[in-house]
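For reference, the structure discussed in these notes is given below.
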Amino acid sequence: MSQPAQVDPRGLRVNAGITAVVLALVLITPEPLNVVLLAVQVAVFAVSALVNLQASPYAVFFAKVVRPRIGRPAELEDARPPRFAQLVGLGFTAAALIAFLAGATTVGYVATVFALVAALLNASVGLCLGCELYLVLRRFTPARA
Amino acid sequence: MAGIVALLAALVLTGFAAWAVKAKNGRFKDRPPHSDAEILTATDIGAELGERATLVQFSSAFCSPCRATRVLLTDIAAKVDGVTTVDIDAEEHLDMVRRLGILRTPTVLVLDGAGTVSTRASGLPRREQVLAALGQAVGERR
């Protein structure tokens with residue numbers, strides 16, 4: 001395997017910040033705008049998790065607008081933990097989207113709140129909740145052959 | 001209306017979680033009663049035990065504070081006589097992870113010279129927290 005991909009940790013915080021704003025808007029805007037916003041966020045998570053962290057529009061915004069103003073990062077971070085976390089975010093927001101579309105508004109709100117809390121924690125204190133889940137989940141699966 | 005309530009709930013939840021995690025990170029637990037103490041051998045950790053103490057770190061791929069923890073422990077092991085550190089990939093030792101009830105990475109175990117687990121902490125610890133835990137592990141053997 002080649003060298004694992006590296007990312008700018010400040011880009012991850014910006015990414016989490018934008019995600020938090022979008023998810024907060026999902027909670028307080030009326031239908032159908034909130035569902036449209038949520039669908040956009042699901043698409044962004046899908047690109048980050050399934051294609052490439054740097055391919056997401058938030059990451060492009062960071063690379064084009066924010067980074068030129070703040071200079072080079074002091075250090076880079078392994079891209080695998082945040083990418084896994086984006087996958088967890090995708091799971092929660094996709095569940096919320098399906099719930100809203102199916103009319104289960106309360107379930108939609110709850111799933112959105114979980115995703116929002118995770119994004120806020122990441123943006124504010126740099127805690128990656130999705131990453132914390134990883135080992136807990138792995139404990140229940142058999143060891144790799 | 002429900003949305004505003006949900007947003008407020010999310011903010012409160014975030015504040016509480018951030019505080020709880022900050023308080024927990026790097027806090028070494030009190031030593032368990034001796035009869036319950038786990039003992040790790042050189043075979044368990046895949047390396048010789050340190051003469052006075054061993055810092056055992058459990059890491060995983062999806063863990064951003066693991067690298068900073070590793071750097072800190074390596075530095076401490078280099079500076080303190082008779083102390084070594086070993087980094088274990090949690091995913092490759094899931095049996096040990098279950099046996100020790102490890103839920104997060106990084107988790108740091110402090111072993112005394114005999115391999116008995118003296119104390120443990122999860123999350124990125126501060127230097128003085130590790131040094132205090134080491135002092136306790138080494139002191140107990142005298």
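Inside segment A:50-88, can you point out the residues that are in a helix (DSSP H, G or I) and among the small types (Gly, Ala, Ser)?
A:ALA55, A:ALA59, A:ALA63, A:ALA85, listed by residue number.
Here are some residues: B:LEU40, B:LEU73, B:LEU55. Which one is more than 9 Å from chain A (Cβ to nearest Cβ), over 19 Å from B:ALA132 (Cα atoms), in contact (Cβ under 8 Å) with a residue 24 or more places away in the chain and not hydroxyl-bearing (Ser, Thr, Tyr)?
B:LEU40
Please name all residue pairs, on different chains or six or more residues apart, with Cβ atoms under 7 Å, provided the first residue is in segment A:57-72 and is over 16 Å from A:VAL44 (Cβ atoms) and the second residue is of a type in the set (A, V, I, L, M).
From residues that are over 16 Å from A:VAL44 (Cβ atoms), the pairs are A:VAL66/A:VAL14.
Run B:LYS29 past the list (1) in a loop (DSSP other than H, G, I, E, B); (2) touching a Gly at 6+ places or on another chain (Cβ under 7 Å) and report the number of the one that doesn't hold.
(2)
Residues to consider are A:ALA104, A:ALA115, A:ALA59; find the one that is surrounded by fewer than 21 Cβ atoms within 10 Å (Cβ to Cβ) and either more than 9 Å from every other protein chain (Cβ to nearest Cβ) or more than 30 Å from B:ARG99 (Cβ to Cβ) (or both).
From the options A:ALA104, A:ALA115, A:ALA59, the qualifying one is A:ALA104.
Out of all the residues in segment A:119-136, which are of a type in the set (A, V, I, L, M), under 17 Å from B:SER122 (Cβ atoms), in a helix (DSSP H, G or I) and at the interface with chain B (Cβ under 7 Å from one of its Cβ atoms)? Explain how you work it out, then say what you get.
Pass one, segment A:119-136, residues of a type in the set (A, V, I, L, M): A:119-121, A:123, A:125, A:127, A:129, A:133, A:135-136.
Those still in the list that are under 17 Å from B:SER122 (Cβ atoms) too: A:121, A:125, A:127, A:129, A:133, A:135-136.
Checking the rest, the ones that are also in a helix (DSSP H, G or I) come to A:121, A:125, A:129, A:133, A:135-136.
Across segment A:119-136, the qualifying residues are A:LEU121, A:VAL125, A:LEU135, A:VAL136.
In this structure, does B:ALA61 turn out to be under 28 Å from A:THR141 (Cα atoms) and either loosely packed, with under 13 Cβ neighbours inside 10 Å or at pLDDT below 90 (or both)? Spell out how you get there, then give the answer.
Details: under 28 Å from A:THR141 (Cα atoms): yes; either loosely packed, with under 13 Cβ neighbours inside 10 Å or at pLDDT below 90 (or both): yes.
Criteria met by B:ALA61.
From B:THR74, B:THR119, B:THR84, B:THR105, which residue is under 15 Å from the mean Cα position of the chain (by Cα), more than 30 Å from A:VAL125 (Cα to Cα) and of a type in the set (Val, Ile, Thr)?
Criteria check complete, one pass: B:THR84.
Being surrounded by 19 or more Cβ atoms within 10 Å (Cβ to Cβ) and in contact with a Cys (Cβ under 7 Å, 6 or more places away or on another chain) narrows it down to one residue among B:PRO125, B:PRO106; which is it? Walk me through how you get there before you give the answer.
On the way: B:PRO125 fails: in contact with a Cys (Cβ under 7 Å, 6 or more places away or on another chain).
After applying the criteria, what remains is B:PRO106.
Considering A:VAL26, A:VAL36, A:VAL44, which residue is loosely packed, with under 14 Cβ neighbours inside 10 Å and closer than 18 Å to A:ALA115 by Cα? Give the steps one after another, and end with the answer.
On the way: A:VAL26 fails: loosely packed, with under 14 Cβ neighbours inside 10 Å; A:VAL44 fails: loosely packed, with under 14 Cβ neighbours inside 10 Å.
None of the others qualify; the one that does is A:VAL36.
Is it the case that some residue within segment A:31-47 is under 11 Å from the mean Cα position of the chain (by Cα) and under 21 Å from B:ALA9 (Cα atoms)?
Taking every residue of segment A:31-47 in turn, at least one turns out to be under 11 Å from the mean Cα position of the chain (by Cα) and under 21 Å from B:ALA9 (Cα atoms).
Based on what the data block shows, is A:VAL47 at pLDDT 95 or above, in contact with a Pro (Cβ under 8 Å, 6 or more places away or on another chain) and part of a helix (DSSP H, G or I)?
Values: at pLDDT 95 or above: yes; in contact with a Pro (Cβ under 8 Å, 6 or more places away or on another chain): yes; part of a helix (DSSP H, G or I): yes.
Spelling it out, A:VAL47 is indeed at pLDDT 95 or above, in contact with a Pro (Cβ under 8 Å, 6 or more places away or on another chain) and part of a helix (DSSP H, G or I).
May I ask you to list the residues in segment A:111-133 that are farther than 16 Å from A:THR19 by Cβ and touching a helix residue (DSSP H, G or I) at 6+ places or on another chain (Cβ under 8 Å)?
Just the residues of segment A:111-133 that are farther than 16 Å from A:THR19 by Cβ, to begin with: A:132-133.
A:LEU133, the sole residue that qualifies.
So is B:THR119 away from chain A (no Cβ under 11 Å), over 15 Å from B:ASP44 (Cα atoms) and touching a Phe, Trp or Tyr at 6+ places or on another chain (Cβ under 8 Å) or not?
Numbers: away from chain A (no Cβ under 11 Å): yes; over 15 Å from B:ASP44 (Cα atoms): yes; touching a Phe, Trp or Tyr at 6+ places or on another chain (Cβ under 8 Å): yes.
In short, yes.
The values are calculated or read from the model by the stated rules, or taken from the named source; none is laboratory data. These figures come from a predicted structure and were not determined experimentally. Glycine gets a Cβ as well: all are built from the backbone with ideal geometry, and neighbour counts include every protein chain shown.
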